[in-house]
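Step one of this worksheet: look at the structure below.
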Amino acid sequence: MTKIRPARIEQSYRTARQHFEALGVETEVALAKLEGIALSLPCWQGDDVRGFESLDVELGGGLAATGNYPGRARSPDELRRDLDQAFALIPGRHRVNLHASYAETGRHGVPRNELQPAHFDTWVAWAKSHGRGLDFNPTFFAHPLAADGLTLTHPDRATRRFWIEHGIASRRIAAAIGRRLGKPCVNNVWIPDGSKDTPADRRAPRERLTAALDAIFKEPLNGRHMLDAVESKLFGIGSESYVAGSHDFYLAYAVARRKLLCLDTGHFHPTEGVADKLSAILPWIPGLLLHLSRGVRWDSDHVATYTDDLRAIADELVRGNWFGRVHIGLDYFDASINRIAAWTIGARAVLKALLAALLTPSGALKQLEAGGDFSGRLAMMEDAKALPFGAVWDFHCLRHNVPQDFQWMDEVRAYERNVLSQRTS
Ligand code: RNT
Ligand code: ZN
């Protein structure tokens, strides 16, 4: 693809800017807002959710990374290098979402319930040197004690205790990370616990889960350093009939205990709109964490793309002005394509959706609505779909010195040739 000269991109931007101005939308205001938005990229897209514990167990928990595209990161250094490459292709300053299973414990493994902030020192130093924030997740899967798919709801007290201790250790790690980076680290609890077939007892596991969560959250920690989030799921492979941590369960829990709720866009019924949930839930809880993903059939973890669903969420974020209380993470893992491309495609799609939302004449739409002009509202919503967002996006990429659309894959291919293809095992 031939490159478009910077002067041409600037020229198109100036024309687009006038176009938007005529609708009462200032592109520079939109771009300034976009600059301030940090997305949290899932570290686990870089190595198919394997982590670095060498426990030699299956991923489990109803999670499955399918595909064997060459070049998966095999060490923390490789993963960080790959993330650096992805960040070079994404405009703005973003965050990385870590799992406890990505601890660096030296040659000896450390049990998850004994993990310490020190096991993430290298991650923190790396994040700090790039001005990036980090988020965190206790890992309640891929472990011998989660082999039966049960963790915090486990009927065995000792097993449950192990996972509670892991939850407590993770919160302390998140707090230490947030303190050292000077930005709060969101610690998100997701557990796989559920039942393949119709359970005889739906109540007891949820009572155990409530008690376990309360035990994990007991220690007060500084909200400037860490924020607690809880994530629901509709079903997983092997938990088709019952999931203890369902949406209703965690919504109620988050309201009662003042926690953040994580909405993973792959964890709802296929026709259920997640965008509508923002303004319904945010009045009742301190904040939301989004796991932007793309559900396809049974899988909840395809690479996020520029879909109507994503656009609708972006519109809601902008129109409700929720940015201060909504943390935007991506959550997917696709082992069948280049993993740096996967990060970049998802992040650029989310940023584009946000930019398009920021450039939509929402003020004018709200005015039409207030005046009862619903024909005018629908007409403007439709007309807005063909606005020249792309010219503004191209200019944003130029300004941030990241490659343009149709160009950035060249860098991914070069990295694949020079770096990924050398990884043979
Ligand atoms: C699983 C949840 C959870 C995980 C990550 C790896 O269904 O979405 O967020 O994807 O923690
Ligand atoms: Zn998720």
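Extending 7 Å from Cα along the Cβ direction at residue 405 and again at residue 366 yields two label points whose distance is 2.8 nm. Peptides 364-370, 351-357, 157-163, 129-135 ordered by packing proxy, namely the average of other Cβ atoms within 10 Å per residue, highest first: 351-357, 129-135, 157-163, 364-370. Taking every C-alpha pair closer than 8 Å and separated by at least 6 residues, the mean separation divided by the residue count of segment 110-227 gives a relative contact order of 35 percent. Roughly how many Å is it from the Cα centre of segment 112-160 to that of segment 316-377, as a whole number? One Cα centre to the other: 30 Å. Considering only 317, 384, 173, and ranking their Cα positions along the charge dipole of the chain that arises from unit charges at the beta-carbon of Lys, Arg, Asp and Glu, the one farthest toward the positive end is 173. For the chain, with a Gaussian network of springs between Cα atoms less than 10 Å apart, report the residue from 44, 322, 123 with the top mean-square fluctuation. Residue with maximal mean-square fluctuation among 44, 322, 123: 322.
Under 13 Å of direct C-alpha separation, and excluding same-chain neighbours fewer than eight residues apart, residue 3 reaches these aspartates and glutamates: 394, 405, 410. Compared with the alpha-carbon gap, the fully stretched path from residue 121 to residue 33 is longer by 28.5 nm at 0.36 nm per residue. Candidates 420, 62, 102 compared by Cα position along the dipole of the chain: farthest toward the positive end lies 102, with charges placed on Cβ.
Ellipticity at 222 nm from helices only: DSSP H runs of n ≥ 4 in the chain, each -39500 (n - 2.57), divided by the residue count, give -13000 deg cm²/dmol. At full extension, residue 156 and residue 108 could sit 14.5 nm farther apart than now, given 0.36 nm per residue minus the alpha carbon distance. Between residue 54 and residue 424, the simple label model (points 7 Å from Cα in the Cβ direction) yields a spacing of 2.0 nm. Here the spin labels are modelled as points 7 Å beyond Cα on the Cα-Cβ line, and at residue 321 and residue 2 they lie 4.6 nm apart. Dipole magnitude for segment 1-97: about 520 debye, using +1 per Lys or Arg Cβ and -1 per Asp or Glu Cβ, origin at the Cα centre. Of 332, 69, 306, which is the most mobile in a GNM of the chain whose springs link Cα atoms less than 10 angstrom apart? So, out of 332, 69, 306, the one fluctuating most is 69. Counting only lysines at least 8 places from residue 385 when in the same chain, those with an alpha carbon closer than 18 Å to its own are 352, 366.
Of the three principal axes defined by the Cα atoms of the chain, the extents in descending order read 65, 56, 39 Å. Which part of segment 137-168 falls in the paramagnetic zone of residue 200, meaning amide N under 18 Å from the point 7 Å along Cα-to-beta-carbon? Counting backbone N atoms under 18 Å from the label point, the list is 154-156. For residue 233, a cut-off of 22 angstrom between C-alpha atoms picks up these lysines, skipping any fewer than 8 places away in its own chain: 196, 259, 277. Rounded to two decimals, the Cα-based Rg/Rh of segment 170-287, with Kirkwood Rh, is 0.99.
When the Gaussian network model of the chain links Cα atoms closer than 10 Å, the mean-square fluctuations of 341, 391, 200 top out at 200. Per residue, the average separation of C-alpha pairs within less than 8 Å and at least 6 apart gives the chain a relative contact order of 21 percent.
No value in this document is a laboratory result; all are computed from the given coordinates. Worth saying up front: this structure is predicted, and the values here are computed from it rather than measured. Reconstructed Cβ throughout: ideal geometry from the backbone, glycine too, with neighbour counts over all protein chains shown.
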